[in-house]
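Presented below is the structure to which this report refers.
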Amino acid sequence: MRLEVEIASKTFKSAAGEQHDVIAGVAFALNAGEVGVLVGPSGCGKSTMLRILAGLDPDFQGRVSRPAGARIGFVFQEPRLLPWRSVEENVRLAAPLADEPKLSALFEILELKAHRNHFPGELSLGLARRVALARAFAVEPEFLILDEPLASLDAALASRLRDEIAMLIDGRSVMTLLVTHDVDDAVRLGDRVILLSPRPARVLADLPIRTPRSARGEVEIAAIKSEIMRRIDGCPTKQDGS
Amino acid sequence: MARLLSFAMFVAIWWIASLFAGDAKLPPPPTVLTAMIAEARSGDLFFHLGATLARVTLAFTLAMALGSAIGYLMGRVRLADRLGDPWLILLLNLPALVVIVLAYIWAGLTEVAAIAAIAINKLPTAVVTLREGARALDAALDEMATVFALPRWSRFRHVILPQLSPYIAAAARSGLSLVWKIVLVAELLGRPNGVGFEIGVAFQLFDIPLLLAYSLSFAAVVLLIETLLVQPFEARASRWRPRAA
(Lines give C-alpha, C1' and ligand atoms only; values in the text may rest on other atoms or scores of the structure.)
Protein backbone atom coordinates (compact mmCIF):
# COMPACT_ATOMS: atom_id res chain seq x y z
CA MET A 1 0.00 0.00 0.00
CA ARG A 2 1.62 3.19 -1.14
CA LEU A 3 0.22 6.50 -2.25
CA GLU A 4 1.87 8.55 -4.96
CA VAL A 5 0.51 11.95 -5.78
CA GLU A 6 1.45 14.21 -8.65
CA ILE A 7 -1.12 16.90 -9.22
CA ALA A 8 0.13 19.30 -11.86
CA SER A 9 -2.82 21.65 -11.67
CA LYS A 10 -6.41 21.94 -10.62
CA THR A 11 -8.65 24.81 -11.62
CA PHE A 12 -12.15 25.79 -10.66
CA LYS A 13 -14.58 27.76 -12.73
CA SER A 14 -16.49 30.19 -10.55
CA ALA A 15 -20.17 30.94 -11.11
CA ALA A 16 -19.10 34.13 -12.89
CA GLY A 17 -17.09 32.05 -15.35
CA GLU A 18 -13.63 33.05 -14.08
CA GLN A 19 -10.90 30.46 -13.78
CA HIS A 20 -9.27 29.98 -10.39
CA ASP A 21 -6.09 27.99 -9.90
CA VAL A 22 -6.36 25.96 -6.73
CA ILE A 23 -3.37 23.65 -7.02
CA ALA A 24 -0.26 24.51 -8.97
CA GLY A 25 1.95 21.47 -8.62
CA VAL A 26 1.85 19.17 -5.63
CA ALA A 27 3.83 15.95 -5.53
CA PHE A 28 4.50 13.67 -2.59
CA ALA A 29 4.35 10.03 -1.59
CA LEU A 30 3.19 8.18 1.47
CA ASN A 31 4.31 4.73 2.55
CA ALA A 32 2.26 2.05 4.23
CA GLY A 33 1.61 2.86 7.86
CA GLU A 34 2.89 6.39 7.50
CA VAL A 35 1.01 9.42 8.79
CA GLY A 36 1.43 12.35 6.41
CA VAL A 37 0.27 15.80 7.45
CA LEU A 38 -0.56 18.50 4.94
CA VAL A 39 -0.07 21.88 6.55
CA GLY A 40 -1.09 25.07 4.85
CA PRO A 41 -3.06 28.26 5.38
CA SER A 42 -6.85 28.18 5.24
CA GLY A 43 -8.21 28.18 1.72
CA CYS A 44 -5.01 26.90 0.10
CA GLY A 45 -6.72 23.96 -1.57
CA LYS A 46 -6.15 21.24 1.03
CA SER A 47 -9.72 20.02 1.07
CA THR A 48 -9.82 20.03 -2.72
CA MET A 49 -6.73 17.86 -2.72
CA LEU A 50 -8.27 15.39 -0.31
CA ARG A 51 -11.33 15.09 -2.52
CA ILE A 52 -9.06 14.28 -5.45
CA LEU A 53 -7.13 11.70 -3.44
CA ALA A 54 -10.35 10.04 -2.29
CA GLY A 55 -11.46 9.72 -5.90
CA LEU A 56 -14.34 12.17 -5.51
CA ASP A 57 -13.04 14.64 -8.07
CA PRO A 58 -11.59 13.22 -11.30
CA ASP A 59 -11.27 16.64 -12.94
CA PHE A 60 -7.59 17.58 -12.51
CA GLN A 61 -4.26 17.48 -14.34
CA GLY A 62 -1.88 14.87 -13.02
CA ARG A 63 -1.78 11.43 -11.52
CA VAL A 64 -2.76 9.82 -8.24
CA SER A 65 -1.84 6.21 -7.73
CA ARG A 66 -3.33 4.25 -4.91
CA PRO A 67 -4.38 0.59 -4.98
CA ALA A 68 -7.72 0.28 -6.67
CA GLY A 69 -10.57 -0.58 -4.33
CA ALA A 70 -8.65 0.29 -1.18
CA ARG A 71 -10.98 0.81 1.76
CA ILE A 72 -11.03 4.49 2.59
CA GLY A 73 -11.97 6.04 5.90
CA PHE A 74 -12.71 9.73 5.49
CA VAL A 75 -13.34 12.19 8.30
CA PHE A 76 -14.77 15.24 6.62
CA GLN A 77 -14.38 18.70 8.05
CA GLU A 78 -18.12 18.89 8.74
CA PRO A 79 -18.95 15.51 10.24
CA ARG A 80 -21.39 14.53 7.44
CA LEU A 81 -23.45 12.16 9.53
CA LEU A 82 -26.91 11.02 8.50
CA PRO A 83 -29.15 13.14 10.75
CA TRP A 84 -32.00 10.60 10.53
CA ARG A 85 -29.94 7.67 11.79
CA SER A 86 -28.65 7.12 15.31
CA VAL A 87 -24.97 7.30 16.16
CA GLU A 88 -24.64 3.54 16.12
CA GLU A 89 -26.54 3.17 12.83
CA ASN A 90 -24.35 5.82 11.24
CA VAL A 91 -21.28 3.78 12.07
CA ARG A 92 -22.79 0.42 11.19
CA LEU A 93 -24.06 1.59 7.80
CA ALA A 94 -20.56 2.55 6.71
CA ALA A 95 -19.04 -0.56 8.28
CA PRO A 96 -21.56 -3.40 7.97
CA LEU A 97 -18.86 -5.97 8.72
CA ALA A 98 -17.73 -4.46 12.02
CA ASP A 99 -18.61 -6.72 14.94
CA GLU A 100 -19.87 -5.71 18.36
CA PRO A 101 -16.58 -5.98 20.33
CA LYS A 102 -14.82 -3.79 17.80
CA LEU A 103 -17.55 -1.17 17.90
CA SER A 104 -17.67 -1.09 21.68
CA ALA A 105 -13.91 -0.68 21.79
CA LEU A 106 -14.14 2.26 19.38
CA PHE A 107 -17.03 3.86 21.24
CA GLU A 108 -15.10 3.38 24.49
CA ILE A 109 -11.94 5.13 23.24
CA LEU A 110 -13.92 7.98 21.65
CA GLU A 111 -16.15 8.40 24.73
CA LEU A 112 -19.31 7.72 22.77
CA LYS A 113 -20.69 4.89 24.88
CA ALA A 114 -23.50 6.96 26.31
CA HIS A 115 -24.50 8.34 22.92
CA ARG A 116 -25.05 5.22 20.83
CA ASN A 117 -28.76 5.79 20.43
CA HIS A 118 -28.69 9.56 20.06
CA PHE A 119 -29.34 11.27 16.78
CA PRO A 120 -26.59 13.50 15.38
CA GLY A 121 -28.75 16.60 15.86
CA GLU A 122 -28.57 16.00 19.59
CA LEU A 123 -24.76 16.01 19.69
CA SER A 124 -22.25 18.82 20.12
CA LEU A 125 -19.72 19.37 17.34
CA GLY A 126 -17.03 17.63 19.37
CA LEU A 127 -19.19 14.53 19.78
CA ALA A 128 -20.28 14.57 16.13
CA ARG A 129 -16.60 14.65 15.12
CA ARG A 130 -16.00 11.64 17.33
CA VAL A 131 -18.81 9.79 15.59
CA ALA A 132 -17.26 10.63 12.23
CA LEU A 133 -13.94 9.31 13.56
CA ALA A 134 -15.58 6.14 14.84
CA ARG A 135 -17.17 5.63 11.43
CA ALA A 136 -13.87 6.10 9.62
CA PHE A 137 -12.00 3.70 11.91
CA ALA A 138 -14.81 1.13 11.96
CA VAL A 139 -14.37 0.35 8.26
CA GLU A 140 -10.77 -0.74 9.06
CA PRO A 141 -9.45 1.59 6.40
CA GLU A 142 -6.35 0.94 4.35
CA PHE A 143 -6.21 4.65 3.66
CA LEU A 144 -7.40 7.08 6.32
CA ILE A 145 -8.10 10.70 5.45
CA LEU A 146 -8.68 13.30 8.17
CA ASP A 147 -9.72 16.80 7.11
CA GLU A 148 -9.11 19.27 9.95
CA PRO A 149 -10.48 16.89 12.59
CA LEU A 150 -9.65 19.32 15.42
CA ALA A 151 -10.86 22.58 13.88
CA SER A 152 -13.39 24.72 15.78
CA LEU A 153 -12.98 22.83 19.06
CA ASP A 154 -11.75 24.51 22.22
CA ALA A 155 -8.12 23.88 23.17
CA ALA A 156 -8.76 21.32 25.93
CA LEU A 157 -11.19 19.30 23.85
CA ALA A 158 -8.92 19.47 20.80
CA SER A 159 -5.95 18.15 22.72
CA ARG A 160 -7.99 15.30 24.22
CA LEU A 161 -9.33 14.35 20.79
CA ARG A 162 -5.83 14.57 19.37
CA ASP A 163 -4.60 12.05 21.93
CA GLU A 164 -7.50 9.77 21.06
CA ILE A 165 -6.69 9.99 17.35
CA ALA A 166 -3.02 9.25 18.08
CA MET A 167 -4.05 6.20 20.11
CA LEU A 168 -6.30 4.91 17.33
CA ILE A 169 -3.68 5.45 14.62
CA ASP A 170 -0.89 3.83 16.67
CA GLY A 171 -2.99 0.73 17.26
CA ARG A 172 -3.50 0.13 13.56
CA SER A 173 -0.55 1.38 11.51
CA VAL A 174 -2.77 2.54 8.69
CA MET A 175 -1.60 4.87 5.95
CA THR A 176 -3.03 8.22 6.98
CA LEU A 177 -3.27 11.65 5.49
CA LEU A 178 -4.18 14.45 7.86
CA VAL A 179 -4.91 18.00 6.88
CA THR A 180 -4.53 20.86 9.32
CA HIS A 181 -3.54 24.50 9.53
CA ASP A 182 -2.19 23.95 13.03
CA VAL A 183 1.55 23.27 13.16
CA ASP A 184 1.35 21.90 16.70
CA ASP A 185 -1.18 19.21 15.68
CA ALA A 186 0.95 18.39 12.66
CA VAL A 187 4.10 17.80 14.67
CA ARG A 188 2.35 15.77 17.37
CA LEU A 189 0.50 13.49 14.99
CA GLY A 190 2.57 13.21 11.81
CA ASP A 191 5.46 11.06 10.60
CA ARG A 192 5.97 13.41 7.71
CA VAL A 193 4.96 17.05 7.43
CA ILE A 194 4.26 18.46 3.99
CA LEU A 195 4.13 22.25 3.94
CA LEU A 196 1.91 23.88 1.36
CA SER A 197 1.98 27.42 0.04
CA PRO A 198 -1.08 29.69 -0.07
CA ARG A 199 -3.38 29.26 -3.04
CA PRO A 200 -2.58 28.01 -5.64
CA ALA A 201 -0.95 25.28 -3.56
CA ARG A 202 2.63 24.15 -4.11
CA VAL A 203 4.78 22.01 -1.84
CA LEU A 204 7.15 24.24 0.17
CA ALA A 205 8.87 21.45 2.06
CA ASP A 206 8.53 17.74 2.81
CA LEU A 207 9.89 17.03 6.28
CA PRO A 208 10.02 13.53 7.73
CA ILE A 209 9.98 13.21 11.52
CA ARG A 210 12.10 10.20 12.52
CA THR A 211 11.25 9.87 16.21
CA PRO A 212 8.15 7.73 16.81
CA ARG A 213 5.07 9.65 17.93
CA SER A 214 4.99 8.32 21.47
CA ALA A 215 8.70 9.06 22.07
CA ARG A 216 8.60 12.71 21.07
CA GLY A 217 9.38 15.01 23.97
CA GLU A 218 8.24 18.59 24.31
CA VAL A 219 11.73 19.86 23.53
CA GLU A 220 11.91 17.96 20.28
CA ILE A 221 8.39 19.01 19.30
CA ALA A 222 9.32 22.64 19.89
CA ALA A 223 12.48 22.22 17.79
CA ILE A 224 10.56 20.74 14.86
CA LYS A 225 7.94 23.43 15.14
CA SER A 226 10.47 26.21 14.95
CA GLU A 227 12.09 24.48 11.98
CA ILE A 228 8.69 24.43 10.24
CA MET A 229 7.99 28.06 11.09
CA ARG A 230 11.41 28.99 9.67
CA ARG A 231 10.57 27.21 6.42
CA ILE A 232 7.18 28.89 6.16
CA ASP A 233 8.58 32.36 6.87
CA GLY A 234 11.49 31.79 4.54
CA CYS A 235 9.32 31.23 1.54
CA PRO A 236 8.87 34.13 -0.85
CA THR A 237 5.09 34.33 -0.43
CA LYS A 238 4.51 35.26 3.20
CA GLN A 239 1.71 33.72 5.21
CA ASP A 240 0.56 33.63 8.78
CA GLY A 241 1.82 30.43 10.31
CA SER A 242 -0.84 30.04 12.95
CA MET B 1 -60.78 17.18 23.03
CA ALA B 2 -60.22 20.23 20.80
CA ARG B 3 -61.17 18.11 17.82
CA LEU B 4 -64.43 17.04 19.42
CA LEU B 5 -65.26 20.64 20.24
CA SER B 6 -64.51 21.64 16.67
CA PHE B 7 -66.82 18.88 15.41
CA ALA B 8 -69.59 19.93 17.80
CA MET B 9 -69.29 23.49 16.54
CA PHE B 10 -69.62 22.28 12.96
CA VAL B 11 -72.88 20.44 13.79
CA ALA B 12 -74.20 23.44 15.74
CA ILE B 13 -73.52 25.89 12.90
CA TRP B 14 -75.12 23.50 10.42
CA TRP B 15 -78.20 23.12 12.60
CA ILE B 16 -78.65 26.87 13.05
CA ALA B 17 -78.08 27.51 9.33
CA SER B 18 -80.71 24.91 8.45
CA LEU B 19 -83.27 26.83 10.58
CA PHE B 20 -82.67 29.91 8.46
CA ALA B 21 -82.36 28.23 5.06
CA GLY B 22 -85.32 25.90 5.48
CA ASP B 23 -85.57 22.13 5.09
CA ALA B 24 -85.72 22.20 1.31
CA LYS B 25 -82.28 23.77 0.88
CA LEU B 26 -80.40 22.59 3.95
CA PRO B 27 -81.95 19.76 5.97
CA PRO B 28 -80.96 19.63 9.68
CA PRO B 29 -78.46 17.00 10.92
CA PRO B 30 -81.05 14.41 12.11
CA THR B 31 -82.67 14.22 8.65
CA VAL B 32 -79.28 13.62 7.01
CA LEU B 33 -78.36 11.09 9.69
CA THR B 34 -81.57 9.19 9.00
CA ALA B 35 -80.76 9.12 5.27
CA MET B 36 -77.25 7.96 6.09
CA ILE B 37 -78.51 5.14 8.32
CA ALA B 38 -81.01 4.03 5.68
CA GLU B 39 -78.26 3.89 3.05
CA ALA B 40 -75.98 2.04 5.44
CA ARG B 41 -78.74 -0.49 6.30
CA SER B 42 -79.32 -1.31 2.64
CA GLY B 43 -75.56 -1.69 2.15
CA ASP B 44 -75.52 0.89 -0.65
CA LEU B 45 -73.43 3.34 1.35
CA PHE B 46 -70.61 0.86 1.91
CA PHE B 47 -70.77 -0.44 -1.64
CA HIS B 48 -70.37 3.02 -3.16
CA LEU B 49 -67.81 4.16 -0.61
CA GLY B 50 -65.85 0.97 -1.28
CA ALA B 51 -65.94 1.51 -5.05
CA THR B 52 -64.66 5.06 -4.64
CA LEU B 53 -61.98 4.03 -2.14
CA ALA B 54 -60.73 1.30 -4.48
CA ARG B 55 -60.40 3.81 -7.33
CA VAL B 56 -58.64 6.30 -5.08
CA THR B 57 -56.20 3.66 -3.84
CA LEU B 58 -55.33 2.43 -7.31
CA ALA B 59 -55.04 5.85 -8.95
CA PHE B 60 -53.11 7.31 -6.01
CA THR B 61 -50.62 4.43 -5.86
CA LEU B 62 -50.09 4.50 -9.59
CA ALA B 63 -49.59 8.26 -9.72
CA MET B 64 -47.29 8.33 -6.68
CA ALA B 65 -45.09 5.50 -7.91
CA LEU B 66 -44.77 6.79 -11.47
CA GLY B 67 -44.59 10.43 -10.41
CA SER B 68 -41.87 9.81 -7.82
CA ALA B 69 -39.76 7.83 -10.27
CA ILE B 70 -40.11 10.43 -13.04
CA GLY B 71 -39.58 13.34 -10.64
CA TYR B 72 -36.44 11.75 -9.17
CA LEU B 73 -35.06 11.13 -12.65
CA MET B 74 -35.80 14.70 -13.75
CA GLY B 75 -34.16 16.09 -10.63
CA ARG B 76 -31.01 14.03 -11.09
CA VAL B 77 -30.53 13.88 -14.87
CA ARG B 78 -30.39 17.14 -16.74
CA LEU B 79 -31.40 15.66 -20.10
CA ALA B 80 -34.48 14.04 -18.59
CA ASP B 81 -35.43 17.38 -17.09
CA ARG B 82 -35.07 19.15 -20.44
CA LEU B 83 -37.10 16.49 -22.28
CA GLY B 84 -39.78 16.14 -19.65
CA ASP B 85 -40.34 19.77 -18.74
CA PRO B 86 -42.71 20.80 -21.59
CA TRP B 87 -44.84 17.70 -20.99
CA LEU B 88 -44.93 18.47 -17.33
CA ILE B 89 -46.11 22.03 -17.86
CA LEU B 90 -48.77 20.82 -20.27
CA LEU B 91 -50.04 18.20 -17.84
CA LEU B 92 -49.93 20.58 -14.88
CA ASN B 93 -52.19 23.06 -16.61
CA LEU B 94 -54.53 20.66 -18.36
CA PRO B 95 -57.98 20.90 -16.74
CA ALA B 96 -59.03 17.72 -14.98
CA LEU B 97 -62.28 17.69 -16.92
CA VAL B 98 -60.44 17.55 -20.26
CA VAL B 99 -58.39 14.55 -19.17
CA ILE B 100 -61.44 12.71 -17.85
CA VAL B 101 -63.59 13.35 -20.91
CA LEU B 102 -60.81 12.43 -23.33
CA ALA B 103 -60.03 9.26 -21.35
CA TYR B 104 -63.69 8.19 -21.54
CA ILE B 105 -63.83 8.96 -25.27
CA TRP B 106 -60.64 7.11 -26.11
CA ALA B 107 -60.85 4.18 -23.71
CA GLY B 108 -64.62 3.93 -23.35
CA LEU B 109 -66.64 4.26 -20.14
CA THR B 110 -64.39 1.74 -18.40
CA GLU B 111 -62.73 1.34 -15.04
CA VAL B 112 -59.30 1.60 -16.68
CA ALA B 113 -60.20 4.92 -18.26
CA ALA B 114 -61.44 6.31 -14.93
CA ILE B 115 -58.40 5.25 -12.96
CA ALA B 116 -55.97 6.38 -15.65
CA ALA B 117 -57.66 9.77 -15.87
CA ILE B 118 -57.47 10.29 -12.11
CA ALA B 119 -53.83 9.16 -12.01
CA ILE B 120 -52.85 11.46 -14.90
CA ASN B 121 -54.36 14.39 -13.06
CA LYS B 122 -52.32 13.71 -9.95
CA LEU B 123 -49.10 12.66 -11.69
CA PRO B 124 -47.60 16.10 -12.56
CA THR B 125 -47.83 17.48 -9.02
CA ALA B 126 -46.00 14.42 -7.70
CA VAL B 127 -43.35 14.85 -10.41
CA VAL B 128 -42.84 18.54 -9.59
CA THR B 129 -42.55 17.95 -5.85
CA LEU B 130 -40.18 15.00 -6.15
CA ARG B 131 -38.06 16.84 -8.71
CA GLU B 132 -37.54 19.61 -6.15
CA GLY B 133 -36.65 16.94 -3.60
CA ALA B 134 -34.12 15.30 -5.88
CA ARG B 135 -32.56 18.67 -6.70
CA ALA B 136 -32.19 19.44 -3.01
CA LEU B 137 -30.31 16.21 -2.24
CA ASP B 138 -27.21 16.93 -0.18
CA ALA B 139 -24.08 16.53 -2.30
CA ALA B 140 -21.95 16.25 0.86
CA LEU B 141 -23.81 13.13 1.97
CA ASP B 142 -23.54 11.75 -1.56
CA GLU B 143 -19.76 12.10 -1.35
CA MET B 144 -19.75 10.44 2.05
CA ALA B 145 -21.70 7.50 0.64
CA THR B 146 -19.29 7.24 -2.29
CA VAL B 147 -16.16 7.32 -0.15
CA PHE B 148 -17.49 4.68 2.22
CA ALA B 149 -18.67 2.62 -0.76
CA LEU B 150 -22.19 2.18 0.57
CA PRO B 151 -24.01 -0.49 -1.44
CA ARG B 152 -26.67 0.79 -3.83
CA TRP B 153 -29.66 -0.33 -1.78
CA SER B 154 -28.32 0.90 1.53
CA ARG B 155 -27.49 4.23 -0.07
CA PHE B 156 -31.01 4.56 -1.43
CA ARG B 157 -32.70 3.52 1.79
CA HIS B 158 -30.55 5.37 4.31
CA VAL B 159 -29.12 8.36 2.45
CA ILE B 160 -31.54 9.30 -0.34
CA LEU B 161 -34.97 8.17 0.84
CA PRO B 162 -34.88 10.02 4.18
CA GLN B 163 -34.00 13.22 2.33
CA LEU B 164 -36.88 12.68 -0.06
CA SER B 165 -39.42 11.66 2.56
CA PRO B 166 -40.65 15.20 3.37
CA TYR B 167 -41.20 15.72 -0.34
CA ILE B 168 -42.93 12.36 -0.68
CA ALA B 169 -45.14 13.24 2.27
CA ALA B 170 -45.97 16.63 0.72
CA ALA B 171 -46.75 15.03 -2.63
CA ALA B 172 -48.91 12.39 -0.96
CA ARG B 173 -50.75 14.95 1.11
CA SER B 174 -51.55 17.36 -1.75
CA GLY B 175 -52.03 14.48 -4.18
CA LEU B 176 -54.50 12.70 -1.94
CA SER B 177 -56.70 15.79 -1.65
CA LEU B 178 -56.52 16.23 -5.42
CA VAL B 179 -57.52 12.62 -6.00
CA TRP B 180 -60.44 12.91 -3.56
CA LYS B 181 -61.74 15.85 -5.56
CA ILE B 182 -61.25 14.38 -9.01
CA VAL B 183 -62.48 10.86 -8.35
CA LEU B 184 -66.04 12.09 -7.79
CA VAL B 185 -66.05 13.99 -11.08
CA ALA B 186 -64.79 10.94 -12.93
CA GLU B 187 -67.50 8.81 -11.32
CA LEU B 188 -70.20 11.35 -12.01
CA LEU B 189 -69.29 11.43 -15.70
CA GLY B 190 -68.83 7.80 -16.49
CA ARG B 191 -69.14 5.16 -13.76
CA PRO B 192 -72.26 3.29 -12.63
CA ASN B 193 -71.24 3.29 -8.94
CA GLY B 194 -69.20 5.17 -6.37
CA VAL B 195 -69.91 8.25 -4.25
CA GLY B 196 -69.70 10.52 -7.29
CA PHE B 197 -72.35 8.50 -9.11
CA GLU B 198 -74.68 8.57 -6.08
CA ILE B 199 -74.24 12.30 -5.69
CA GLY B 200 -75.14 12.69 -9.37
CA VAL B 201 -78.32 10.69 -8.79
CA ALA B 202 -79.19 12.72 -5.70
CA PHE B 203 -78.61 15.93 -7.67
CA GLN B 204 -80.95 14.82 -10.45
CA LEU B 205 -83.66 13.86 -7.93
CA PHE B 206 -82.93 16.97 -5.87
CA ASP B 207 -82.62 14.65 -2.87
CA ILE B 208 -80.54 16.88 -0.61
CA PRO B 209 -80.45 14.61 2.48
CA LEU B 210 -79.09 11.80 0.29
CA LEU B 211 -76.54 14.17 -1.29
CA LEU B 212 -75.34 15.33 2.12
CA ALA B 213 -75.37 11.79 3.52
CA TYR B 214 -72.90 10.66 0.85
CA SER B 215 -70.80 13.83 0.96
CA LEU B 216 -70.38 13.64 4.73
CA SER B 217 -69.67 9.91 4.81
CA PHE B 218 -67.04 10.54 2.20
CA ALA B 219 -65.56 13.41 4.24
CA ALA B 220 -65.51 11.13 7.29
CA VAL B 221 -63.54 8.50 5.39
CA VAL B 222 -61.05 11.14 4.23
CA LEU B 223 -60.59 12.38 7.79
CA LEU B 224 -60.16 8.85 9.08
CA ILE B 225 -57.49 8.03 6.52
CA GLU B 226 -55.74 11.31 7.26
CA THR B 227 -55.58 10.65 11.02
CA LEU B 228 -54.88 6.93 10.89
CA LEU B 229 -52.48 6.71 7.94
CA VAL B 230 -51.03 10.01 6.74
CA GLN B 231 -50.28 11.71 10.05
CA PRO B 232 -48.61 8.70 11.75
CA PHE B 233 -46.43 8.26 8.66
CA GLU B 234 -45.35 11.89 8.81
CA ALA B 235 -44.62 11.66 12.52
CA ARG B 236 -42.46 8.57 12.00
CA ALA B 237 -40.56 10.05 9.08
CA SER B 238 -39.61 13.14 11.07
CA ARG B 239 -38.88 11.53 14.43
CA TRP B 240 -35.16 12.32 14.15
CA ARG B 241 -35.80 16.05 14.02
CA PRO B 242 -35.22 17.79 17.34
CA ARG B 243 -38.71 18.42 18.69
CA ALA B 244 -40.06 21.93 18.85
CA ALA B 245 -40.60 23.06 22.41
Quick check, is A:LEU110 under 24 Å from A:SER214 (Cβ atoms), of a type outside the set (Asp, Glu) and without any contact (Cβ under 8 Å) to a residue 60 or more places away in the chain? yes
Residues in region B:191-214: is at least one assigned to a helix (DSSP H, G or I), in contact with a helix residue (DSSP H, G or I) (Cβ under 6 Å, 6 or more places away or on another chain), of a type in the set (D, E, K, R) and under 30 Å from A:GLY55 (Cβ atoms)? no
Return the pair list, or none, for Cβ contacts closer than 7 Å from residues in region B:214-238 that are more than 13 Å from B:ARG173 (Cβ to Cβ) to residues that are small (Gly, Ala, Ser) and surrounded by 12 or more Cβ atoms within 10 Å (Cβ to Cβ), at least 6 apart or on different chains. B:TYR214/B:ALA202
Just wondering, is there one or more residues in region B:158-173 that are open to solvent by less than 30 Å² (accessible area, probe 1.4 Å), more than 30 Å from B:THR227 (Cβ to Cβ) and part of a loop (DSSP other than H, G, I, E, B)? no
Do you know which residues across region A:144-186 are assigned to a strand (DSSP E or B) and among the aliphatic types (A, V, I, L, M)? A:LEU144, A:ILE145, A:LEU146, A:MET175, A:LEU177, A:LEU178, A:VAL179
Only listed residue being closer than 27 Å to B:ALA237 by Cβ and either more than 9 Å from chain A (Cβ to nearest Cβ) or modelled with pLDDT of 90 or more (or both), chosen from B:LEU176, B:LEU184, B:LEU188: B:LEU176
Any chance B:MET74 is of a type in the set (A, V, I, L, M, F, W, C), within 22 Å of B:ALA219 (Cβ to Cβ) and open to solvent by less than 60 Å² (accessible area, probe 1.4 Å): no
Identify the residue in region B:121-149 that is buried (at least 19 other Cβ atoms within 10 Å of the Cβ) and within 14 Å of A:ALA54 (Cβ to Cβ) and, among all such residues, is farthest from the other protein chains (Cβ to nearest Cβ). B:ALA145
Quick check on region A:53-70. Is at least one of its residues closer than 30 Å to B:ALA237 by Cα and touching a residue at least 12 places away in the same chain (Cβ under 8 Å)? no
Do we find that A:LEU204 is outside any helix (DSSP H, G or I), of a type in the set (A, V, I, L, M) and free of Cβ contacts under 8 Å to residues at least 60 places away in the same chain in this structure? yes
Tell me, yes or no, whether region A:207-222 has at least one residue that is part of a strand (DSSP E or B), surrounded by 12 or more Cβ atoms within 10 Å (Cβ to Cβ) and at pLDDT 80 or above. yes
Mind checking which strands (runs of 3 or more DSSP E) fall wholly inside region A:1-108 and carry at least 1 residues that are surrounded by 18 or more Cβ atoms within 10 Å (Cβ to Cβ), within 10 Å of chain B (Cβ to nearest Cβ) and among the hydrophobic types (A, V, I, L, M, F, W, C)? A:72-75
Only residues that are within 14 Å of chain B (Cβ to nearest Cβ) and more than 18 Å from A:LEU93 (Cα to Cα): list them for region A:113-128, please. A:GLU122, A:LEU123, A:SER124
With respect to B:LEU66, determine if the residue is at pLDDT 95 or above, in contact with a Leu (Cβ under 7 Å, 6 or more places away or on another chain) and assigned to a helix (DSSP H, G or I). yes
Candidates A:ARG160, A:ARG192 - the one that is at pLDDT 90 or above and over 19 Å from A:GLY73 (Cα atoms): A:ARG192
Go through (1) over 21 Å from B:THR125 (Cα atoms); (2) in contact (Cβ under 8 Å) with a residue 12 or more places away in the chain; (3) of a type outside the set (D, E, K, R); (4) assigned to a helix (DSSP H, G or I) and name the single condition B:ILE37 misses. (2)
With respect to A:ALA134, determine if the residue is without any contact (Cβ under 8 Å) to a residue 60 or more places away in the chain, open to solvent by 20 Å² or more (accessible area, probe 1.4 Å) and either out of contact with any strand residue (DSSP E or B) (no Cβ under 7 Å at 6 or more places or on another chain) or at the interface with chain B (Cβ under 10 Å from one of its Cβ atoms) (or both). no
Could you grab me the full set of residues in region B:203-245 that are more than 14 Å from every other protein chain (Cβ to nearest Cβ) and of a type in the set (Gly, Ala, Ser)? B:ALA213, B:SER215, B:SER217, B:ALA219, B:ALA220, B:ALA245
Quick check, is A:GLY126 open to solvent by less than 40 Å² (accessible area, probe 1.4 Å), outside any loop (DSSP other than H, G, I, E, B) and not aromatic (Phe, Trp, Tyr)? yes
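The values are calculated or read from the model by the stated rules, or taken from the named source; none is laboratory data. It should be emphasised that the depicted structure is a prediction, and the values quoted were computed from it without experimental measurement. A quick note on method: Cβ atoms are made from the backbone with ideal geometry, for glycine too, and the neighbour counts reach across all protein chains shown. Protein only, heavy atoms only, side chains kept; ligands, DNA and RNA dropped before computing areas. Shrake-Rupley method; radii C 1.70, N 1.55, O 1.52, S 1.80 Å.
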